[in-house]
Amino acid sequence: MHPAIRVRNLTKKYRDKSVVSALTFEIEQGSILGVLGPNGAGKTTTLKMLTNLINKTDGDILIDGLSLTEQPKQALQMVGASLDTPAFYNDFTAIENLRYIADLHGSISNQKIDQLIELVGLSSETTKKVRYYSLGMKQRLALARALIHDPKIVILDEPANGLDPQGMRKLYQLIRSMAAEKQVTFIISSHQLSDMEQLCTDVLILNKGKALIHGKTKELIHSNNELITLTLDDAEKAATWLQSSMQIDIIEQDKLDFTIRINDLSFNVFLKRLVASGLIVHRLSIREKRLEDLFVELTEGWD
Amino acid sequence: MDIITRMEIKRLLQQKIVYFFLGLFIFAVIAYSGLLTSLALRNLVNADEKVLGGLYFPEFMLRFYSTNIGALFMAMVTALFICEDRQTGLLIQPLLHGRTKKEVLSAKMKMLCFFSTMMITAITIIVYGISFLRWGTQIFSTPVFYQTMSKYALVALSFIPLELFLILLAFHARHTIMVLGETFLLLIFFVLLNQSFPKAASLFPLYYPYQWIINQEFQALTWPEIFPGLLNFFFYSSLFYFLILTRSNKINFDR
């Protein structure tokens, strides 16, 4: 079985400046890929190239085996997308907006539109003009619109923006069930790292247009050592001591709080050395590495 | 008519600005037909009888829409449907559902050219309707009635190259305010050009409505006066139409 999307050497340049360079990845059907990265990492540009909204400078995109360059119409027929802030015809109702999109595809019944409205939980708001919808309601309607032609691949840019926690939970449940039951592949860009960790089967972390890492979320998180968080009393002295050891990596520092990882060194030996250093330890804990830690390590924090 | 054009027309009919503009125009026509033609004001403004009413009144009112006001109003509507749609992300929606840029551009062109013609039709109905209530059947007296109607038709045609130019401008200027500002500057430039170098001005479509409606107001037009204008409109309309469609892939739909 071929992958849902295969991207090879995807590059986008504006004049001579590379926004996305030589991006290569592929996703299996039914996967949920989280595209993560700081602002300006090239996430939205990548998603726009995948939906043919902007032309690529170089590279190939195969959607379900079809080349986006050679057969754009057929390839895009398999893709549903909601990019940027959801945009609708504000003076029309949710049903009228969906009916218009349905007509662009041809034979999509009113019953199907009703089902989608119900699926995203907007059944009680169908007579209201979209102008009066909250951002969260628009996000849900945007998802219904992206699903209207039963696409095999759904691309969502920041789908949780404007959703309340309950709305987010429902959205993630819906994505999970569609991926598991209908083998729909999702590509989601988001800043909600903890949610992405729970939701995505795969992650792709971008920075400055380049793929830093791509793989199965669980494997990536568990492939590295655990992290140690410390609260020490003298930031300057502590930083100097931590930096002086080749076997200690400082992952993050916030005033007196340090997050570190120890390499080729047992925790007991580390603890002995720490006590011997004379630093006063207010707090010390070991925690499992999270997607957020991996992200911070790779991208060196938010831009 | 394709689905995108139908949707655009449906949206157009919901635009309050269109009804507001027509409302203002109705008010202006009533004001001119009622107040300015009263005996007291007739003496005060000491105006030509042709200007003030009766048979010539519909042609007199055409000057209020045919050139600058009409161009600016159409620039505003065009920018609303192109720049604003791009800013909100609406322009890309048909592309995300299998339609091409060419189809979207074609729908915008059809809708806006249809709208510019509908506006002239609405204005004709408003002017003749109010004139009929004020002066009765004399406004339909020939040959002035035919002369006026032909000028309304020529103005409608003059809006097609203008509208296509505005579409091209709106796709390249990113914001509504830029489209309005550039249209305004262009109109000023054209007035200056027309005053200083009328021969050079005659190369552009805007020259003809000025010539027919303002310089030759209340005069019958001859075929040799009309023909170069029609040729000019055809040339520029075709040029802008093909320019928009052939450059469709280079036109940025993204916000």
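The values are calculated or read from the model by the stated rules, or taken from the named source; none is laboratory data. Because the structure is a prediction, the values reported are computed rather than measured. Cβ placement follows ideal geometry from the backbone for every residue including glycine, while neighbour counts extend to all protein chains displayed.
Some notes on this structure:
- Check on A:ASN9, within 13 Å of another protein chain (Cβ to nearest Cβ) and not acidic (Asp, Glu): no
- Within the range A:48-62, tally of residues that are of a type in the set (D, E, K, R) and under 20 Å from the mean Cα position of the chain (by Cα): 1
- Restricting attention to the range A:102-127, the residues that are in a loop (DSSP other than H, G, I, E, B) and within 10 Å of chain B (Cβ to nearest Cβ) total 1.
- Matching option when the condition is of a type in the set (A, V, I, L, M, F, W, C) and within 14 Å of chain A (Cβ to nearest Cβ), among B:PHE81, B:PHE57: B:PHE81
- Just so you know, in the range A:46-74 the residues that are of a type in the set (Lys, Arg) and either more than 11 Å from A:ILE155 (Cβ to Cβ) or more than 10 Å from chain B (Cβ to nearest Cβ) (or both) include one that is surrounded by the most Cβ atoms within 10 Å (Cβ to Cβ), and it is A:LYS56.
- Elements of type strands (runs of 3 or more DSSP E) in the range A:1-71, at least 1 residues being among the acidic types (Asp, Glu): A:17-27, A:58-63
- Scanning the range A:245-299 for residues that are within 21 Å of A:ILE205 (Cα to Cα) and aromatic (Phe, Trp, Tyr) yields one hit, A:PHE295.
- Residue within the range B:111-130 that is closer than 21 Å to B:SER158 by Cα and among the small types (Gly, Ala, Ser) present: yes
- Test set (1) within 17 Å of A:LEU83 (Cα to Cα); (2) out of contact with any Cys (no Cβ under 9 Å at 6 or more places or on another chain) - A:GLN173 fails condition number: (1)
- Considering B:PHE81, B:PHE159, the condition of being crowded, with 21+ Cβ neighbours inside 10 Å and touching a Ser or Thr at 6+ places or on another chain (Cβ under 7 Å) is satisfied by B:PHE159 alone.
- Filter pass, B:LEU206 being hydrophobic (A, V, I, L, M, F, W, C) and in contact (Cβ under 8 Å) with a residue 40 or more places away in the chain: yes
- Some residue of the range A:136-156 being part of a helix (DSSP H, G or I), surrounded by fewer than 21 Cβ atoms within 10 Å (Cβ to Cβ), under 15 Å from the mean Cα position of the chain (by Cα) and modelled with pLDDT of 85 or more: no
- Which numbered condition A:VAL130 fails, given (1) at negative phi; (2) surrounded by fewer than 18 Cβ atoms within 10 Å (Cβ to Cβ): (2)
- Any hit, the range B:39-54, residues being at pLDDT 90 or above and away from every other protein chain (no Cβ under 14 Å): no
- A:TYR132 farther than 24 Å from A:GLY37 by Cβ, within 14 Å of another protein chain (Cβ to nearest Cβ) and free of Cβ contacts under 8 Å to residues at least 24 places away in the same chain: no
- Residue in the range A:259-277 that is in a strand (DSSP E or B), modelled with pLDDT of 80 or more, among the hydrophobic types (A, V, I, L, M, F, W, C) and surrounded by 15 or more Cβ atoms within 10 Å (Cβ to Cβ) present: yes
- Residue list for the range B:219-252, restricted to those being exposed (fewer than 13 other Cβ atoms within 10 Å of the Cβ) and among the β-branched types (Val, Ile, Thr): B:THR222, B:THR246
- Of all residues in the range A:200-215, those being in contact with a strand residue (DSSP E or B) (Cβ under 6 Å, 6 or more places away or on another chain) and either closer than 17 Å to A:GLY30 by Cα or surrounded by fewer than 18 Cβ atoms within 10 Å (Cβ to Cβ) (or both) number 9.
- Scanning the range A:80-101 for residues that are under 28 Å from the mean Cα position of the chain (by Cα), hydrophobic (A, V, I, L, M, F, W, C) and at the interface with chain B (Cβ under 9 Å from one of its Cβ atoms) turns up A:ALA81, A:LEU83, A:ALA87, A:PHE88, A:ILE101.
- In the range A:25-45 there is at least one residue matching the filter, namely being without any contact (Cβ under 8 Å) to a residue 24 or more places away in the chain, out of contact with any helix residue (DSSP H, G or I) (no Cβ under 9 Å at 6 or more places or on another chain) and either surrounded by 15 or more Cβ atoms within 10 Å (Cβ to Cβ) or over 30 Å from B:GLN14 (Cα atoms) (or both).
- Checklist (1) over 23 Å from A:ASP150 (Cβ atoms); (2) in a strand (DSSP E or B) applied to A:ALA81, failing item: (1)
- Matching entry among A:GLU226, A:GLU181 (being free of Cβ contacts under 8 Å to residues at least 24 places away in the same chain and either surrounded by fewer than 18 Cβ atoms within 10 Å (Cβ to Cβ) or over 23 Å from the mean Cα position of the chain (by Cα) (or both)): A:GLU181
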